Amino acid sequence: MTPCGAEDHACDGPRCGCARVRVTVHPPSSAGGRRVHADGEPLGLAHGVGDVAEFLRRAGLEIDPAEVAESSWIDWRGVGPEHWRPDATG
């Protein structure tokens with residue numbers, strides 16, 4: 001994954017100082033699912049990490065769904081990537 005587009009190093013986002021996109025996954029909504037934004041622009045309502053990966057793919061950022069939960073350039077607000085319901089247990 002190279003969010004900055006650099007092919008000469010293993011970019012992991014903001015940590016390398018060259019990332020162009022910051023992704024925010026907001027806390028679960030009262031109806032379930034989590035809003036996803038990239039650089040402040042809404043991408044959609046995700047119901048799992050696969051949805052986040054698909055939204056990012058559509059925005060031009062290829063990421064394996066298995067990497068979404070561990071990515072340092074995705075800001076998981078409130079709870080981590082294992083929580084998608086409003087009760088924050090699953």
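Among the residues making up the range 57-80, those that are in contact with a Gly (Cβ under 9 Å, 6 or more places away or on another chain), part of a loop (DSSP other than H, G, I, E, B) and in contact (Cβ under 8 Å) with a residue 40 or more places away in the chain are Ser71, Ser72, Trp73.
I'd like the full set of residues that are open to solvent by 80 Å² or more (accessible area, probe 1.4 Å) and more than 14 Å from Val36 (Cβ to Cβ), limited to the range 68-90.
Glu70, Glu82, Arg85, Asp87, Thr89
Among the residues of the range 33-43, none qualifies, meaning not one is outside any loop (DSSP other than H, G, I, E, B), among the acidic types (Asp, Glu) and in contact with a strand residue (DSSP E or B) (Cβ under 9 Å, 6 or more places away or on another chain). On the stretch given as the range 12-54, residues that are open to solvent by 40 Å² or more (accessible area, probe 1.4 Å), among the hydrophobic types (A, V, I, L, M, F, W, C) and either within 14 Å of Val68 (Cβ to Cβ) or modelled with pLDDT under 95 (or both) total 5.
The values are calculated or read from the model by the stated rules, or taken from the named source; none is laboratory data. A quick note: this is a predicted structure, and the numbers were derived from the prediction, not measured. So basically every Cβ, Gly included, is an ideal-geometry build from the backbone, and we count neighbours across all protein chains shown. Just the protein is used for accessible areas: all its heavy atoms, side chains included, with ligands, DNA and RNA removed. Shrake-Rupley method; radii C 1.70, N 1.55, O 1.52, S 1.80 Å.
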